[in-house]
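This report refers to the structure that appears directly beneath it.
Nothing in this text is a laboratory measurement; each read-out follows from the coordinates by a stated rule. Computed from a predicted model, the values in this text were never measured in an experiment.
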Amino acid sequence: MAGDWTSQKFLGSMEGAVLGGKLAAEVVANRAKGNTDKPIKEIQQHIVDAADKHVAKKPWGVKGDGAIAFGGGAELKKDNQKLLEEVDPAQFVSA
């Protein structure tokens, strides 16, 4: 498993996906050679404690809750076009 589910510094990004894939490939290659796995990194207690106290906040500057609001691929329909024009009017300026 790679990407967001690995312990690395680029979570949720293209860089994280690449690094996660590289780390997973290293494990596969190491096992194929018959070597033992590297030890699993322990999660430090202060990180666990901080996660228990974390309160999620609404993302700053995001309007709406559809895929387009979070940068996902979406079909631009009339209802989403109005929202996009409000957030990024430069996309609708004629050349």
Which ³J(HN,Hα) values in Hz, rounded to whole numbers, follow from the phi angles of region 77-85 under the Karplus curve 6.51 cos²θ - 1.76 cosθ + 1.60, where θ = phi - 60° and Gly and Pro get x? 9, 4, 5, 6, 5, 4, 5, 5, 4
A 28 angstrom limit on the alpha carbon distance is what I want to check against. Which of Lys22/Lys58; Lys58/Lys78; Lys58/Lys82 exceed it? Lys22/Lys58
